[in-house]
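Single-structure report; data block below.
Read-outs: derived from the displayed coordinates by stated rules, not from any lab. Remember, it's a predicted structure, so these values are computed and weren't measured experimentally. No Cβ is skipped: glycine too gets one built from the backbone with ideal geometry, and neighbour counts run over all protein chains shown.
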Amino acid sequence: MIKTIVSTELPVDEQFRIKKNVLQNGKGGLRFCVVTGTHGDELEGQMVCYELAKLVGEELNMLNGTLEIYPALNPLGIDTIQRGIPNFDLDMNRIFPGDPHGTMAEQTANAIIEDIKGADMVIDIHSSNLYLRETPQVRINVQNEDSLVPYAKLLGMDFVWVHDAATVLEATLAHTLNTNGTPCLVVEMGVGQRINHKMCRRLVGGILNLMQSMGMWSDRKMPDITPPLICKGNQVSFLNAETSGVFLTELKCGVEVDKGETIGLIVDPLKGKVLSTVTSPQRGYLFTIRAYPIVYEGSLMARIYNYEEI
Amino acid sequence: MRIETIFEMTSPYRDKFRISGYKFGSGEKTLAIVGAMRGDEVQQQYICSQIVKRLTVLEQCGDITEGKCILVIPSCNPFSMNVSRRFWAMDNTDINRMFPGYDQGETTQRIAAAIFNTLIEYKYGIQLASFYVPGNFVPHVRMLRTGYEDIDTACLFGMKFVTTCEPRPFDTTLLNYNWQLWNTKAFSVYAGQTDQIDIENSETTIDAILRMMSRTKIIHHKSIAIDYRSIIADEGELQHIKAGHAGILYRVQRVGSRVVPGDTIAHIIHPYNGQILEEVKATTEGIIFFAHHRPVVLQNALLFMIYSI
């Protein structure tokens, strides 16, 4: 059943709507939400929602409980190929829990929280941005490490990053839900404005695996789930560009790198010179790499999980 | 007056990115003024340019107090203004949401760090700011309530309003918030406009800043402009008036107008047939403090904020 959770008039002959698909079966009382599209330039979640809605819709008898799918929390952002909400300065994922008396964006954020809260599990799917490519991973605030890591292990992602708490991140959808007792896992994978089919299908399998472990899904042919690497925030190196220029690399993320290994070159196309070399400061697991080649001093080039041995 | 380069960075395809500071007087780091942080803050940049002009004359006349140093940074983001973008053009990040910055971090974090390292230790700080909601304000001084806000000094500007507001998580990376935490008496000055130059509001703001500098004995200057005994307002107590319908917004009342309950302050007009969909009315007696300024509005958009009398 398609439900509208937010409906507002736009100035000229158009209604702004945020919709969800509610799939329900059996006597189970658990509610599982899959949300995405907060950032309009992140599209992997669109395929995940499509595959889930199709698969569960066709095999509804395997569902025991309620699955709610929200493909587009920021439909105008997706439609206009922009990360944020058109004509609004702030990142939508920095204004939760919103404000029923605030701007239209803040009212929308509030309505989203009111609709989702109380769910037994929420998966918030992101796909980096235009600039960075990410290994399929789950991100968890250190404050929720004990309660969420066991669930994250069931999602079939390569990597779980338990990151430090930051005040500015208190206004994310996930933090707001987790603070209010609604468990929420943030998934990051791929790169902005593109869809990686393989990653999306893996996540669909992981979501069904998690639902199965919660007694919400019954399928004998579930995929094998490999345990992810679990990483704490202080074990991550951030590599930033030393020079402005054009970044060239042969590497993809999700690989092991050695200390001193070249991640890529920053070059000057006018003079035909290498301006700087991005190298790994230690052996580790490269889980983020620069995707957009034009860089300025300080641009994030890579993130590496430091470990001694895999 | 000395011009100093506060930050410089190479660009792949453009000239070097530079942030320049204009210094007046010498001695104690007394006052820093920051202009455009975003590429559309033309009003803010214009005001800074006029302050540089006025301080140049004051310095030549010996009217800057001995032992006091003043720094003016007219623009922290010339690259964005040159290409008509509000935020950092490469990745759309907002320098004003990167403070206190990080000199080993991403590009706008590094820019923020360089600015912040220059600004700390100044006794007073003024940022010519713009708001995240599009619209016009009565020119005013604004402070986040950090526990360090200095309302008495804010009143020395002699602007009509001094407002305070409770910081939200996304405010903790603003310059004003961090400047206060690092012991600068920091004030955000809203000059009514952002992407247009409004001469009347600019003059009001320039006079207010010079008045504050005079009253804190940084300069010798006699103002003949209107000097208000500031109304101190908590932003949470302003009355919000929203659009009941979407459509074309036709404002009837201006920012600064005094209204009584029932006064029509705007019409929302059907975009096809021209019928009035809604007469927007004042709900309280007071002064229009903020007004939405885009010609079309969404349903439930914030149209006005009224200070109740």
Computed about the Cα centre, the charge dipole of the stretch B:154-285 from +1 Lys/Arg and -1 Asp/Glu charges at the Cβ has a magnitude in debye, to the nearest 20, of 460 debye
Compute, for chain B, the length of the dipole vector about the Cα centre, with Cβ point charges of +1 (Lys, Arg) and -1 (Asp, Glu) only. Units Debye, rounded to 20. 360 debye
Just want the answer: with Cβ charges of +1 for Lys and Arg and -1 for Asp and Glu, which residue in B:Ala291, B:Ile306, B:Tyr272 is farthest toward the dipole's positive end in the stretch B:238-308? B:Ala291
Shape box of the stretch B:238-308 [Cα atoms, principal axes, largest first, Å]: 35, 17, 17
Around A:Met189, under 15 Å between beta carbons, what's the net of Lys plus Arg minus Asp minus Glu among the other residues? 0
Check A:Leu73: other-chain or 5+ apart residues with amide H under 5 Å from its amide H, H built from backbone geometry? A:Thr36, A:Gly37, A:Thr38
First select every other residue whose beta carbon is under 14 angstrom from the beta carbon of A:Gln15; then total the charges, Lys and Arg +1, Asp and Glu -1. -2
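Using the Cα atoms of the protein assembly as shown to build a convex hull, what is its mean projected area in square nanometres?
Working: hull surface 122.0 nm².
Across all orientations, the protein assembly as shown yields a mean hull projection of 30.5 nm².
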Would you list, by chain and number, the aspartates and glutamates whose Cα falls below 16 Å from the Cα of A:Lys19, excluding same-chain residues fewer than 8 positions away? A:Glu9, A:Glu68, A:Asp79, A:Glu114, A:Asp115, A:Asp124
Using every alpha carbon pair in the stretch B:2-234, what percent of pairs falls into each 5 Å bin from 0 up to the bin containing the largest distance? 1, 7, 15, 20, 22, 18, 11, 5, 1, 0, 0
Calculate the length of the line joining the C-alpha centroid of the stretch B:191-220 to that of the stretch A:62-80, in whole Å. 49 Å
The stretch A:2-227 - share of DSSP beta bridges that are antiparallel (%, nearest 5): 45 percent
Mean-position separation - Cα centroids, the stretch A:117-185 and the stretch A:242-300, in angstrom: 27 Å
Averaging sequence separations of C-alpha pairs under 8 Å and six or more residues apart, then dividing by the length of chain A, give the relative contact order as a whole percent. 16 percent
On the first, second and third principal axes, largest extent first, how far apart are the outermost C-alpha atoms of the stretch A:2-227 in Å? 51, 36, 33
Using the Cα centre as the reference, give the magnitude of the dipole from point charges on the C-beta atoms of the stretch A:89-209 (Lys, Arg: +1; Asp, Glu: -1; all else neutral), rounded to the nearest 20 debye. 680 debye
Within the protein assembly as shown, the percent of DSSP beta bridges that are antiparallel, given to the nearest 5, stands at 65 percent
Apply the Karplus parameterisation 6.51 cos²θ - 1.76 cosθ + 1.60, with θ equal to phi minus 60°, to every residue of the stretch A:240-247 and state each ³J(HN,Hα) to the nearest whole Hz, in sequence, with x for glycine and proline. 10, 5, 7, 9, 7, x, 10, 8
Env charge @ A:Pro97, Cβ radius under 13 Å, K,R +1 / D,E -1, value -2
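Across the residues of B:290-299, average count of Cβ atoms on other protein chains within 10 Å?
Across the residues of B:290-299, the mean count of other-chain Cβ atoms within 10 Å is 3.
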Per the helix-only model, the protein assembly as shown has a calculated mean residue ellipticity at 222 nm (DSSP H runs of ≥4, -39500 (n - 2.57) each, divided over all residues, rounded to the nearest 500) of -6500 deg cm²/dmol
With unit charges on the beta carbons (Lys and Arg positive, Asp and Glu negative) and the dipole taken about the Cα centre of the stretch A:97-205, which residue among A:Gly205, A:Ala119, A:Asn129 sits farthest to the positive side? A:Gly205
